[in-house]
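Visitor: Dumping the structure here so I can ask a few things about it.
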Amino acid sequence: MPRPEQLLHTRVWRGGTDGQFQSYDVPRQESQTVLDVVTWIQRRVDPSLAYRFACRVGMCGSCAMTVNGLPRWTCRTHVARVAPDDRLEIAPLANLPIVRDLVVDMREFFDKWREAKGQFVPTATRHDPIARVCPDSPARRAADAAIQCIGCAVCYASCDVVAWNPKYLGPAALNRAWTLVRDERDGERRQRLSAVVGDAGCHACHTHTLCTERCPMHLSPTTSIAGLKRAAAIAALRGEL
Amino acid sequence: MIRTDWRNRGHSAYWAFLIHRISGLLLAFFLPLHFLALGQALSGESALDAFLAWTERPLLKLSEIVLVFLLAAHLTGGLRLLSIEFVGWHRESQKALLAVAGGVAAFCALLYALNLA
Ligand code: SF4
Ligand code: SF4
Ligand code: FES
């Protein structure tokens, strides 16, 4: 339990790419999240502080920031866990253009989902009977293990390959592509595989596993990307790619 | 845009990547030198012998051991990558795989060192 007079020494990024950290002392509270800290500053000290959030319960994926150097969802990140010495450094996500303060431009992140053919392409129409998919089949299990992505870009911001190769589709888009490659109802498996192979796709991944370490939903984009590499190799051997 | 923070990187798989990349680069530098050295034989026995005598220095012996380690690490690291590509990546077994790769590499270097002694 924090003492009532206890203060959190917080440094918050202000401005654009050429901005800097500004210090705020924020009263420590029980069960305080990093998002609570940012909100306190915005409500009590400086209403011009820009940041993003919506659901506050870990569902919408809009509140991710860099907290003491690591990308995290801030609404579910307790101060007690990440700032044992009462020091917090809050910055916008890495690898994405900064709009202002803690807000980044997510456009390229989501554009890459489209480039990775992240849209389901049905093979049946609404007049056909509902597809029966066995939930225990290996393909469905592989897809299910990767499906709960909230689009927070924490993985994208943790991946060095994204920084080295701006064209790299990144862990989230590839993870999405993998869920569709393993979806037996999908009609564009081959086109999707050709969209995700090569230097900007799954073969650029160096298996640093930082995405998997950081994903707040405990997904493993690394496993999905390895799956794509395998599927691509098999398709190439069969002459399908 | 800010870059990923150094605090984000402290992870064993990241170290595996670094060792693989660095060993690869060093080996790429070393191989031409290696062939150059062997090529000394073409200019006569004495040239090669002079060179071989030079390599008897302790510092060079030590760097040979490091080289063997890097070679072995590059090999085991490559096998690990192949296993990821064709068998898959599983969170549970990763630390063990990395430990085996590092261990085998260290074992090779040690074996070589003992052979020298
Ligand atoms: S495993 Fe691949 S996608 Fe994930 S952080 Fe590493 S390089 Fe990036
Ligand atoms: S894979 Fe995880 S870290 Fe990446 S966007 Fe989805 S939920 Fe966020
Ligand atoms: S505010 Fe929705 S995930 Fe954090």
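The values are calculated or read from the model by the stated rules, or taken from the named source; none is laboratory data. On a predicted model such as this, the values are computed, not experimentally measured, just so you know. Glycine also receives a Cβ, built like all others from the backbone with ideal geometry; neighbour counts cover every protein chain displayed. Calculation scope for accessible area: heavy atoms of the full protein, side chains included, ligands and nucleic acids excluded. Shrake-Rupley method; radii C 1.70, N 1.55, O 1.52, S 1.80 Å.
Visitor: Just need the relative contact order of the stretch A:120-241 here, percent rounded to a whole number, with Cα pairs under 8 Å and 6+ apart. Intermediate results must be reported in sequence, preceding the final value.
Guide: On the way: 150 pairs, mean separation 36.8, N = 122.
Here the relative contact order equals 30 percent.
Visitor: Once the whole set of protein chains is in place, how much accessible area is left on B:Phe29, using a 1.4 Å probe, in Å² to the nearest 10?
Guide: Near enough 150 Å² of accessible area.
Visitor: Using only C-alpha atoms and all pairs of different ones, pull out the Kirkwood radius for the protein assembly as shown in Å with one decimal. Let's see the in-between values first.
Guide: Working: mean 1/r = 0.0425 Å⁻¹.
Kirkwood hydrodynamic radius for the protein assembly as shown: 23.5 Å.
Visitor: For the full complex of protein chains and a 1.4 angstrom probe, list A:Met106, B:Met1 by accessible area with the highest value first.
Guide: Output order, biggest surface exposure first: B:Met1, A:Met106.
Visitor: Take the alpha carbon atoms of the stretch A:1-69, find their center, do the same for the stretch B:1-47, and report the distance between the two centers in whole angstrom.
Guide: Answer, in whole Å: 44.
Visitor: Mind pulling the angle between the C-alpha long axis of helix B:12-39 and the longest principal axis of chain B? Nearest 10 degrees, somewhere in 0 to 90.
Guide: 20
Visitor: A further question on this structure: Give the accessible surface of chain B per residue, rounded to a whole number of Å², with probe radius 1.4 Å and ligands, DNA and RNA excluded. Could the numbers behind the result be given before it?
Guide: Details: 7820 Å² over 117 residues.
Value for chain B: 67 Å² per residue.
Visitor: Also, quick follow-up: I'd like to check one number: the per residue accessible area of the stretch A:174-241, probe 1.4 Å, reported in Å² as a whole number.
Guide: 39
Visitor: Project the alpha carbons of the stretch A:157-241 onto their principal axes and report the range along each, largest first, in whole Å.
Guide: 34, 25, 17
Visitor: In nm, to one decimal, how far is the A:Ala124 label point from the A:Asp111 one, both placed 7 Å along Cα→Cβ?
Guide: According to this spin-label approximation, the distance is 3.7 nm.
Visitor: While we're here: Quick check: at a probe of 1.4 Å, how many percent of the accessible area of chain B sits on carbon and sulfur atoms?
Guide: Numbers: 5910 of 7820 Å².
That share works out to 76 percent.
Visitor: Quick one: what are the phi-derived ³J(HN,Hα) couplings along the stretch A:53-65, Karplus 6.51/-1.76/1.60 with θ = phi - 60°, whole Hz, x for glycine and proline?
Guide: Per-residue couplings from phi come out as 6, 9, 7, 6, 10, x, 10, 8, x, 9, 9, 5, 8 Hz.
Visitor: Rounded to the nearest 20 debye, what is the charge dipole size of chain A about its Cα centre when +1 sits on each Lys and Arg Cβ and -1 on each Asp and Glu Cβ?
Guide: 560
Visitor: What total accessible surface area, summed over both chains, is buried at the interface between chains A and B, computed with a 1.4 Å probe and given in Å² to the nearest 100? Write down the numbers at each step before the final one.
Guide: Working: alone 12990 and 9180 Å², together 19590 Å².
Heavy-atom accessible area buried at this interface is about 2600 Å².
Visitor: Send over the Kirkwood Rh of the stretch A:1-113, from the inverse of the averaged 1/r over different Cα pairs, rounded to one decimal Å.
Guide: Numbers: mean 1/r = 0.0700 Å⁻¹.
After inverting the mean inverse Cα-Cα distance, the result is 14.3 Å.
Visitor: Now, a different point. Quick check: at a probe of 1.4 Å, how many percent of the accessible area of the stretch A:55-152 sits on carbon and sulfur atoms?
Guide: On the way: 2860 of 5450 Å².
Within the stretch A:55-152, the accessible surface is 52 percent carbon and sulfur.
Visitor: When you look at the Cβ of every residue in A:221-227, what mean number of other chain Cβ atoms sits within 10 Å? Please report the intermediate quantities before stating the final value.
Guide: Values: counts 1, 7, 6, 1, 2, 9, 2.
Mean inter-chain Cβ contacts per residue within 10 Å come to 4.
Visitor: If I build a Gaussian network model for chain B, linking alpha-carbon pairs within less than 10 angstrom, which residue out of B:Arg91, B:Arg57, B:Arg80 has the largest mean-square fluctuation?
Guide: Among B:Arg91, B:Arg57, B:Arg80, the largest GNM mean-square fluctuation belongs to B:Arg91.
Visitor: Note the full-extension length gain between B:Ala50 and B:Val66 as 0.36 nm times their separation in residues minus their Cα-Cα distance, in nm to one decimal.
Guide: Working: separation 16, 0.36 × 16 = 5.76 nm, distance 2.29 nm.
Going from the current span to full extension adds 3.5 nm.
Visitor: Could you name every residue in the stretch B:1-21 that has 40 Å² or more less accessible surface in the full protein assembly than in its own chain alone (probe 1.4 Å, ligands and nucleic acids excluded)?
Guide: Listed by number, the residues meeting the 40 Å² cut-off are B:Met1, B:Ile2, B:Arg3, B:Thr4, B:Arg7, B:Asn8, B:His11, B:Tyr14, B:Phe17.
Visitor: Now for a different question. The stretch A:63-96: which residues show an accessible-area loss of 20 Å² or more, assembly versus chain alone, 1.4 Å probe?
Guide: A:Asn68, A:Gly69, A:Leu70, A:Glu89, A:Ala94, A:Asn95
Visitor: While we're on this one: Which whole number gives the average, over all residues in A:48-58, of C-beta atoms from other chains lying within 10 Å of the residue C-beta?
Guide: Details: counts 0, 0, 0, 0, 0, 0, 0, 0, 0, 0, 0.
Across A:48-58, the average partner-chain Cβ count within 10 Å equals 0.
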